[in-house]
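Right, one structure below, let's go through it.
The values are calculated or read from the model by the stated rules, or taken from the named source; none is laboratory data. Please read these numbers as outputs of a predicted model, since none were measured by experiment. Positions of Cβ are generated from backbone atoms using ideal geometry, with glycine treated the same way; all protein chains shown enter the neighbour counts.
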Amino acid sequence: MSIMTPMKVAAVLAFLLSSCGGATDELAGGVGSNTNWLSPCADGDSCAEGLTCLCGVCTTACSNAECAGNTECVVPSHDACAATAEPVCVALCASDASCVAALGAGFACVVGRCEARPASGAVSDVMDPSDPAAASGSADTENRTQLPAERIVEIGSLTNSPPPAECVRGLPPLLPGCDPNVIAYSGIDCDADGVPDHRLWRCEVASAERPPEFGGGYDCEPGDPGLRYWVTADADGDGFGDGQPLCAGPSIPQGYIALDGSSPSDCNDHDSAVYPEALETWGDGVDSDCSSDDGPRCDLLQMGAEQYVRAVPTSTRCDSGPDLFLSPVVHCGRRCPSSGAFFAFVGNAGTIAAPGPIGVLWSDDTGAGGSIEVSPGALAPGETTAAFALPTNRSTHTEISIDFQDCDAENGRFVDDNPSGNLNCL
């Protein structure tokens, strides 16, 4: 996604130019020059005779016929410039460099127009949310003014509404500096806080709309320069949030992370060892990887990737002898022939090896069933088999059990009752 303004450009006051006599396409100028590109100012005393300091630049009123070169005649739209209702010549630009070359470091290119950087106390130097300094609220303060206090608010429903008319007034059909040959969204920044708030398809200004999705790289509140980033709480600091979308600014507060709209949510935001894609310990009673059960993710099981740990109980009901147990069973896929499977492993929690071969029996209420060998040899204490798969059918009741006699038969048996199982294949 191309963005018309870099993340560290901040502009709240509109940059308004002088009358357009003798304008050229190159940005150049100074107080009293014959071009449209005059110097920034603090008050009217610093402007040449006949010019007025408006919105941080020496300028005069104009009409559409008087503007030339890279300028256009518009009425100031920013609140800070509301003192005048007369139209003035505004500079068009494609980059910060063109504005800085003409007017100095106090100006930047925002939504295709040169604009003044804010005065003391205004929002300044918007930070990239991926910058660690943004998350902590700290950063190098050189050339920056004081940021406003952090805020976090909830946002109601979203619609793909168009931008305010004053935001796109005077812009050409294609956004300046944007490549229409790139099949992607670009962005414009209507509240001039450095974060794009409306997206355009292939640079077409007429397509500008507010993205209706919670999360992502667009401004969460286009009408408020102090609110910028979609965030979600990350109380345990593991890099995954609880998923509730919130709007924050001017930077990302401590204890929150950027909400990109696609990353999975943390299923336990109070335990830093529990998060999506964490290493799962299968059978320890904890859903470490947020897969909704005490077992590995189905994609790992279906690929045969053993990126998990198989747990063995630390206690047994068998004082002297083998104690074979069946792990928590994970169901993957649909409950239809050849399209799903039950996954499990067998382990020995006892004090003596279980002689092999060791098998597992299965049956369901469709009349299907069978057995598989899971260990050709003995299974020593604390040892487990590899994961194995058993087929699922259009069944509502399935039983799985270890084909072995020991002192605890219950921990070697699994029963699956799924009343709607036979409907999933229709």
Quick check: is even one residue across segment 182-194 under 18 Å from Val153 (Cα atoms) and buried (at least 18 other Cβ atoms within 10 Å of the Cβ)? yes
Between residues in segment 398-426 that are within 17 Å of Thr366 (Cα to Cα) and residues that are modelled with pLDDT of 90 or more and surrounded by fewer than 14 Cβ atoms within 10 Å (Cβ to Cβ), which pairs lie under 7 Å by C-beta distance while being six or more apart or on different chains? Glu399/Val415
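Every residue, every condition in (1) over 26 Å from Thr314 (Cα atoms); (2) of a type outside the set (S, T, N, Q), yes or no:
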| site | (1), (2) |
| --- | --- |
| Pro250 | yes, yes |
| Pro253 | yes, yes |
| Ala258 | yes, yes |
| Gly261 | yes, yes |
| Pro264 | yes, yes |
| Leu279 | no, yes |
| Trp282 | no, yes |
| Val286 | no, yes |
| Ser292 | no, no |
Under 7 Å between Cβ atoms, at least 6 apart or on separate chains: pull out the pairs that start in segment 159-171 with a residue that is of a type in the set (A, V, I, L, M, F, W, C) and end on any residue that is not in a helix (DSSP H, G or I). Cys167/Val111; Cys167/Ile188; Cys167/Cys190; Val168/Ala208; Leu171/Gly112
Pick out the one residue from Pro250, Pro245, Pro264, Pro276 that is touching a Leu at 6+ places or on another chain (Cβ under 7 Å), surrounded by fewer than 19 Cβ atoms within 10 Å (Cβ to Cβ) and more than 30 Å from Ala368 (Cα to Cα). Pro245
May I ask you to list the residues in segment 201-226 that are under 30 Å from Ser265 (Cβ atoms) and of a type in the set (A, V, I, L, M, F, W, C)? Trp201, Phe214, Cys220
Could you go through segment 243-257 and let me know if any residue there is aliphatic (A, V, I, L, M), in contact with a Gly (Cβ under 7 Å, 6 or more places away or on another chain) and touching a residue at least 60 places away in the same chain (Cβ under 8 Å). yes
